[in-house]
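> Structure below; questions to follow.
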Amino acid sequence: MISFCGIELRHPIVNASGTFDAIAARRAFGDALLAEFPFAAFVSKTVTLAPRQGNPPPRLWELGAGMINSIGLPNKGLEGYLAHDLPQLAELPVPLIVNVMGSAAEDVVRLVEAFGDRDEVAALELNVSCPNVKTGLLMGADPGETAALLDAVRPHTRKPVIVKLTPNCASPAAVAAAAEQHGADAVSLINTLRGMAMHPRRPGEPWLGGGTGGVSGPAVRAVALAQVREVRERVRIPIVGMGGVQSGRHARDLLDAGADLVAVGTETFRDPLAGARIAAELLRIGANSGMFTGAPQPARPRIAQGG
Ligand code: RRO
């Protein structure tokens, strides 16, 4: 067992918000999903105050090393989430982290109040980093905006508050430091990197209905590692590291760069049980393989010479 913001977890692998639909997965796999749930905690897709349709299609573009999404936060809104999603997510065998977003601090306060004293909810994640919504502030791009949001939100819940950081700003580490100083219990990073794809047959037109989107998958792994390391040098609160993790080795690298938990996102599109596989691989790797660290190495067998 490991402890994250006072929450007991079986292992350090969770899902990245919005990349694993646990309700649909339960419909597809039945109660077997509960018996072998792939993540140590479940992070829900972002909830907004009012329902949203999301961005016009197409919403996805596959890359050589990942994908670009422009989903645009479709969700049932707070009332719909409380009535339909929360009761089903509360049946999962792991702690529930609810991800919320608003275009103004007052919206986020109302969302945090609504979840702040629900027993089903272990922690809240504030999404201040969605690259795909044109209206509203990107509160997470600026340390001052992030500080002001936390000042508004913090008095309304005793539950752990995780701030999801954007890589699309001058200094994610400065935003993380502001979040810590203004009461965040943890930070998570990275959200997707803003990118675009051109329409293959219509010169000059973007492919995605939203114009631009968020790049995820192996393409962003090196960026995630660098940013997690940079944030770790600035804050003492726990970090949920994510970005292109496909294996236990990749998870180990993020932990070594300073993360306390690792989230898996795009890889679950290829394999819904990737979280369980990565957790098992991580366990086999252990804390340190000893290679190139100066630790004593086992004697290497001599390669027999022919002749
Ligand atoms: O819904 C989305 O388009 C979306 C969100 Br809220 C987010 O935080 N990150 C992302 O890549 N897509």
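Rule-based calculations on the coordinates, nothing more; no lab input. These figures come from a predicted structure and were not determined experimentally. With ideal geometry, Cβ positions are generated from the backbone for all residues, glycine too; neighbour counts draw on all protein chains shown.
> Cα convex hull of the stretch 49-130: mean projected area in nm², to one decimal?
6.7
> Another question about this same structure. In terms of Cα to Cα distance under 13 Å, which aspartates and glutamates are near enough to K45, apart from those fewer than 8 places away along the same chain?
Cross-link targets: D21, D85, E125.
> Would you mind checking which residues have amide H under 5 Å from G195's amide H? H placed 1.01 Å from N; only 5 or more apart, or other chain.
Excluding prolines and chain starts, which carry no amide H, the hits are G213, G214, V215.
> While we're on this one: Hey, how much of the P(r) for the stretch 132-237 falls beyond 18 Å, as a percent of Cα pairs?
54
> Moving on. Please compute P(r) over all alpha-carbon pairs of the stretch 1-101, binned at 10 Å starting from zero, and give each bin as a whole-number percent.
13, 40, 35, 11, 0
> Okay, moving on. Hey, fewest Cβ within 10 Å first, where do M242, M67 land in order?
Result, fewest neighbours first: M67, M242.
> Follow-up. Taking just the alpha-carbon atoms of the chain, what radius of gyration and Dmax come out, in angstrom?
My reading of the Cα-based Rg and Dmax gives 20.0, 80 Å.
> Around H182, which amide H atoms from residues at least 5 apart in sequence, or from another chain, sit under 5 Å from its own amide H, with H modelled in the peptide plane?
Long-range HN contacts for H182: none found.
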